[in-house]
Amino acid sequence: TILVLDFGSQYSHLITRRLRELNVYSEMLPCTQKLAELSWSPKGVILSGSPYSVYADGAPHVDPAVFELGVPVLGICYGLQMLAWHHGKNVVAGEKKEYGHANLNVQRHTSEAAHVDALFTGLENDMEVWMSHGDKLAQLPPKFVTIATTANAPFAGIAHTEKEFYGIQFHPEVTHTPRGTEVLKNFALGICKAKTDWTMGKFVDQEIQRIRNLVGEKGQVIGAVSGGVDSTVAAKLMQEAIGDRFHAILVDNGVLRLNEAQTVKETLTKHLGINLTVIDASERFLGRLKGITDDPEKKRKVIGNTFIEVFQEEAKRIAQEAQNTSRAGEIEWLLQGTLYPDVIESISFKGPSATIKTHHNVGGLLEGMHLKLIEPLRELFKDEVRVLGTKLGIPEELVWRHPFPGPGIAVRILGEVTPEQVRIAREADYIFIEEIKKAGLYRKISQAFAALLPVKAVGVMGDQRVHAQVIALRAVETTDFMTADWYPFDGEFLKRVSRRIVNEIDGVCRVVYDVTSKPPGTIEME
Ligand code: XMP
């Protein structure tokens, strides 16, 4: 196991992710971890980057015992400053902050101890790297040599001449450092001799064990599921860990996809054995959405608040039922399928000015319910969750499903949400997705849906003039959903979809295709 000590960099989790890609098991702990309290011995330690300067008030410092463990240490960015600071305290603030691409020149030291060059074994002497730092080293600490430089950082890489201590100013964990994974591999495998026996199967075993320890013999957990991959994977993991002491709740808010509640129920209960309750609250939701014509944020709030209300009622009912049967202990836990990117987003978007849309989440649940949060996917990225889902036997179709917003098609029905509008939007969406699947494009496209515009247009159908509604199709490609581009369908495909929508759905006489990227558009229309 490699110990990663986190100093708060936005990239810290990428380090553990890259190690997992190398099949190396790692554990990330806060930088304040006292090493004497660790119950296991790491094969090596990585010190992450940080938004701090080592000289700043309140800057985090590592337990100096890390340098006495007798295992290799790699300091990345702030980690390098930390390493140098503990060996000579001669870090200065760089005159120039460095951010972006840089060319790294590797310096070899064939005459020194063999370990000095080990970080760059098998790599070219010229490497493209990604820099993001304020502080930089002004001089070498005693007993260190330079192993890499850039035009702006004369000590971009340093190594201790006697011990296996390394510091690098660049970030090997980001994709902007193309050979970065090899640097981490040299450290983890070459230098630390870590085992490469980590697999997703092991993650499952460990996570199940961790959940059991956390929840105890009798504890119960509730959680909302949506039919999406994250909540389903989290729910399946809970089911494997504690069986029916996990209670999944699907709230049918009346703005789910066509036949969604039914399909999710089938898959989760029959196929995956999850203890699921479906609550049909569509009337309550649609009742409250009535009359909201021009305020997308209000739609989101109404749906979010109603969701919390319905969920709490159901949780109370389940708790009472459980008490009556004295089947188990109290419900103390709330499951959330939070992924690592959600964690970053919620950390870095604190200010109210950054709120472009209030994303629907169940965070508000915790306030009223005195529940503790359990988040088994917190360290994983989406593609890892998909691998995990497959491992847990979740059907391919669900594992590869496009994301669907919490407020559902309510934010895809521009203008007022009425049962009639819901019907039209649902049917159009169903046809569009069906055609995308038939054309073999579903996985190529990151997200696709049909939206209903709040206007009417004139058309001619069966020799009759009609005045009916307009469907807007949207399909985007993206890796992170922060930026996106519209998908370039061929004309024949669009013709086919348009013909079907106009012919098969009552009330629609036109179809348009949205050719707006994000930015300036967002993926959803509201
Ligand atoms: P936007 O529209 O902001 O969407 O470009 C980015 C991604 O987030 C999804 N999205 C939401 N997901 N609750 C969610 O759970 C929401 O309120 C919400 N709004 C947008 C959207 O579908 C896309 O994948």
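The values are calculated or read from the model by the stated rules, or taken from the named source; none is laboratory data. Here the structure is a predicted model, which means the values were calculated and not measured. Quick reminder, even Gly has a Cβ in these numbers, built from the backbone with ideal geometry, and neighbours come from all protein chains shown. SASA here: full protein model, heavy atoms, side chains in, ligands and nucleic acids out. Shrake-Rupley method; radii C 1.70, N 1.55, O 1.52, S 1.80 Å.
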Exercise. Taking into account only those residues within region 441-474 that are touching a helix residue (DSSP H, G or I) at 6+ places or on another chain (Cβ under 7 Å) and of a type in the set (G, A, S), which is nearest to V417 (Cα to Cα)?
Worked result: A451
For this session: Could you please let me know if N259 is on the phi > 0 side of the Ramachandran plot, at pLDDT 95 or above and not charged (D, E, K, R)?
Result: yes
For this session: Please find, within region 437-453, the residue that is farthest from the ligand (Cβ to nearest atom) out of those that are more than 27 Å from the chain's Cα centre (by Cα) and surrounded by 14 or more Cβ atoms within 10 Å (Cβ to Cβ).
Result: A439
Exercise. Is region 39-48 home to any residue that is among the charged types (D, E, K, R) and free of Cβ contacts under 8 Å to residues at least 40 places away in the same chain?
Worked result: no
For this session: Return a yes/no flag: does region 382-391 have any residue that is within 16 Å of the ligand (Cβ to nearest atom), at pLDDT below 95 and either open to solvent by less than 50 Å² (accessible area, probe 1.4 Å) or in contact with a Cys (Cβ under 9 Å, 6 or more places away or on another chain) (or both).
Result: no
Problem set entry | Selection from region 273-295 of residues that are touching a residue at least 24 places away in the same chain (Cβ under 8 Å), open to solvent by 70 Å² or more (accessible area, probe 1.4 Å), of a type outside the set (V, I, T) and outside any strand (DSSP E or B) | E283, R284, K290, D294
Problem set entry | Residues satisfying the stated conditions in region 483-499, i.e. touching a strand residue (DSSP E or B) at 6+ places or on another chain (Cβ under 8 Å) and open to solvent by 50 Å² or more (accessible area, probe 1.4 Å) | T483, D485, W486
Seminar exercise, completed: V278 fails exactly one of (1) within 29 Å of the chain's Cα centre (by Cα); (2) farther than 15 Å from H247 by Cα; (3) at pLDDT 95 or above, namely (2)
For this session: For region 484-501, indicate whether the set of residues that are within 12 Å of the ligand (Cβ to nearest atom) and outside any strand (DSSP E or B) is non-empty.
Result: no
For this session: Sort out for me the strands (runs of 3 or more DSSP E) sitting completely within region 139-190 that have 3 or more residues that are within 27 Å of the chain's Cα centre (by Cα) and over 21 Å from G44 (Cα atoms).
Result: none
For this session: Could you please let me know if K350 is open to solvent by 80 Å² or more (accessible area, probe 1.4 Å), more than 25 Å from I308 (Cβ to Cβ) and either modelled with pLDDT of 80 or more or out of contact with any strand residue (DSSP E or B) (no Cβ under 8 Å at 6 or more places or on another chain) (or both)?
Result: no
Seminar exercise, completed: Within region 502-526, the residues that are assigned to a loop (DSSP other than H, G, I, E, B) and either away from the ligand (no atom under 16 Å from the Cβ) or among the small types (G, A, S) (or both) are I505, D506, G507, S517, G521
For this session: Might you let me know whether region 220-234 holds any residue that is out of contact with any helix residue (DSSP H, G or I) (no Cβ under 7 Å at 6 or more places or on another chain), within 16 Å of the ligand (Cβ to nearest atom), in a helix (DSSP H, G or I) and open to solvent by less than 10 Å² (accessible area, probe 1.4 Å)?
Result: yes
Exercise. Which residue, of L3, L19, L29, is out of contact with any helix residue (DSSP H, G or I) (no Cβ under 8 Å at 6 or more places or on another chain) and crowded, with 22+ Cβ neighbours inside 10 Å?
Worked result: L3
Exercise. Could you count how many residues in region 399-436 are on the phi > 0 side of the Ramachandran plot and either within 16 Å of the ligand (Cβ to nearest atom) or acidic (D, E) (or both)?
Worked result: 1
For this session: Check A36, A65, A56 and return the single one that is over 21 Å from P341 (Cα atoms) and touching a Leu at 6+ places or on another chain (Cβ under 7 Å).
Result: A65
Seminar exercise, completed: Of the conditions (1) modelled with pLDDT of 95 or more; (2) within 16 Å of the ligand (Cβ to nearest atom); (3) not basic (K, R), the single one that T479 does not satisfy is (1)
Seminar exercise, completed: Picking from V502, V476, V399, V508, the residue that is touching a Lys or Arg at 6+ places or on another chain (Cβ under 9 Å) and crowded, with 22+ Cβ neighbours inside 10 Å would be V476
Exercise. Within region 459-473, is even one residue surrounded by fewer than 20 Cβ atoms within 10 Å (Cβ to Cβ), in a loop (DSSP other than H, G, I, E, B) and within 16 Å of the ligand (Cβ to nearest atom)?
Worked result: no
